[in-house]
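Reading through the structure tokens given below for one structure.
The values are calculated or read from the model by the stated rules, or taken from the named source; none is laboratory data. Just so you know, these numbers come straight off a predicted model, no measurement behind them. So basically every Cβ, Gly included, is an ideal-geometry build from the backbone, and we count neighbours across all protein chains shown. Areas reflect the complete protein model, heavy atoms only, side chains present, ligands, DNA and RNA absent. Shrake-Rupley method; radii C 1.70, N 1.55, O 1.52, S 1.80 Å.
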Amino acid sequence: VQTATFSGILASLSVALDLASGNFEGHAVRTGIIAARLAAKLDCPRDDIARVYFAAMLKDIGCIDLRHRLNTLLKGSGVADDYIRAVSHPTALNGACVAEMLGFDDRTVQAILNQQEHWDGSGSPFGKRSENIQFLGRILAVAQFIDAGLSTTTIDHTFIRLFDMQMVWFDPMIVQEAMPLKNDKELHDILQAYRYGWIKSIPMPSQGAMVTGANIDAICEAFSMVIDAQSSFTGDHSARVTHYATWLAQYFNFDPARMKTIRRAALLHDIGKLRVPKDILEKPTKLSRDEFDIVKKHPRDSESILMQIPGFERIAQIAGAHHERLDGKGYYRGIGAEDLDLDMRVLAAADVFDALTATRPYRGRMTVTKALDIMREEAGKHLDEDCVGAFHSIFSKKEYLAA
Ligand SMILES: [Fe+2]
């Protein structure tokens with residue numbers, strides 16, 4: 001069994017994020033590879049090479065409007081408050097906040113904050129000029145320009161444009177080092193491979209000394225925030241489902257390792273929704289049959305995204321089964337009771353409980369009592385009887401029934 005690594009999970013999840021933030025799939029990973037290559041050519045120390053790589057993974061996380069969530073989450077932590085106040089350019093700022101939340105050091109955070117500054121002072125968010133722009137941020141700016149170019153036009157054209165933009169957007173010294181990358185066949189082969197999906201075989205830097213206190217759970221939490229930010233209807237759905245699944249796991253006395261797995265699966269179970277077009281997710285009226293067919297693919301996408309992460313195979317299986325039913329009428333596989341283990345049943349029950357009790361645009365909030373009654377009727381058909389029983393037992397103790 002392989003263990004999930006910090007950089008492995010970040011890279012895999014960033015691929016899912018590329019789609020949600022309107023980039024080409026793999027853009028963040030490719031930008032990281034180019035940036036790391038460039039940093040090495042510029043004789044950057046090893047830690048800085050890793051820093052630009054990780055900064056590339058997170059640079060666009062802020063394309064999704066996380067301000068509200070970050071505000072709640074980071075309230076009171078001095079530095080982050082400054083970023084939140086300066087919301088003139090949410091992309092870089094939010095990316096920087098998330099990097100900070102994951103425990104990256106200030107040099108990495110600054111690389112993200114400076115990636116959209118221009119050499120001539122016309123960039124954002126600060127309008128910094130030339131040497132005042134952090135060096136790693138300048139490298140990142142060139143790297144993302146190269147990948148965006150390679151994704152939309154030819155190699156020749158990309159490097160002609162890059163050459164033209166020195167002194168305007170880019171540090172001329174970095175451009176000079178970047179120009180020979182045009183003929184770096186090994187680099188282009190790697191980038192080309194990434195165009196056809198995520199590949200696990202390329203070695204990635206370890207987070208080394210630039211991350212303190214960060215762990216894989218923090219990444220799962222950060223990405224669950226991104227997933228929740230995708231839809232204004234469902235609000236904090238992933239966070240609440242995680243909460244309920246944890247209750248059930250405690251009720252069933254899961255051991256710590258199993259608890260960790262179910263928690264991560266709950267945080268990320270809807271990550272496949274990053275592939276569902278936003279206008280479908282946000283549609284206030286009933287979905288058409290075709291639209292619903294698209295939505296119904298999201299557990300499959302959650303499974304395939306998570307399956308890419310070494311060590312997350314079990315998490316992927318549980319997440320992929322969250323819309324299955326005991327009677328086989330669920331999706332995406334339509335498998336039945338004999339193929340659904342307790343962990344899968346726990347997550348499915350937690351998901352249904354939240355779907356019933358959360359406020360939706362087409363109906364108000366249902367009381368817990370009503371939701372539990374509905375779930376009782378579904379026990380044995382849709383939902384697992386023990387899981388439904390667990391909800392009843394938990395709520396009889398929690399005295400929430402009047403809510
Ligand atoms: Fe779902």
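Considering (1) over 18 Å from the mean Cα position of the chain (by Cα); (2) within 16 Å of the ligand (Cβ to nearest atom), the lone condition that Pro256 does not fulfil carries the number (2).
Just for the stretch 262-279: of the residues that are within 12 Å of the chain's Cα centre (by Cα), assigned to a helix (DSSP H, G or I) and not hydrophobic (A, V, I, L, M, F, W, C), which one is farthest from the ligand (Cβ to nearest atom)?
So the residue we want is Arg275.
Taking the conditions (1) away from the ligand (no atom under 13 Å from the Cβ); (2) assigned to a helix (DSSP H, G or I); (3) within 19 Å of Ala239 (Cα to Cα) in turn, Asp351 satisfies each one other than (1). Residues considered: Leu372, Leu326. Of these, the only one that is more than 21 Å from Asp228 (Cβ to Cβ), in a loop (DSSP other than H, G, I, E, B), touching a helix residue (DSSP H, G or I) at 6+ places or on another chain (Cβ under 7 Å) and in contact (Cβ under 8 Å) with a residue 12 or more places away in the chain is Leu326.
Residue pairs whose Cβ atoms lie under 8 Å apart, sitting 6 or more positions apart in sequence or on different chains, and linking a residue in the stretch 148-162 that is without any contact (Cβ under 8 Å) to a residue 12 or more places away in the chain to a partner that is buried (at least 17 other Cβ atoms within 10 Å of the Cβ) and in a helix (DSSP H, G or I), are His157/Gly149. Taken over the stretch 289-303, the criterion of being modelled with pLDDT under 95, away from the ligand (no atom under 11 Å from the Cβ) and open to solvent by less than 50 Å² (accessible area, probe 1.4 Å) is satisfied by Glu291 alone. For the stretch 134-148, the condition holds for no residue, the condition being that it is on the phi < 0 side of the Ramachandran plot, among the acidic types (Asp, Glu) and open to solvent by 30 Å² or more (accessible area, probe 1.4 Å). The set of residues from the stretch 304-332 being more than 14 Å from the ligand (Cβ to nearest atom), within 25 Å of Leu17 (Cα to Cα) and of a type outside the set (Gly, Ala, Ser) comprises Met307, Gln308, Ile309, Pro310, Phe312, Glu313, Arg314, Ile315, Gln317.
One residue alone among Ala245, Ala249, Ala239 is touching a Leu at 6+ places or on another chain (Cβ under 6 Å) and in a helix (DSSP H, G or I), and that residue is Ala245. Of all the numbered requirements in (1) open to solvent by 10 Å² or more (accessible area, probe 1.4 Å); (2) among the β-branched types (Val, Ile, Thr); (3) away from the ligand (no atom under 16 Å from the Cβ), Val388 misses one, and that requirement is (1).
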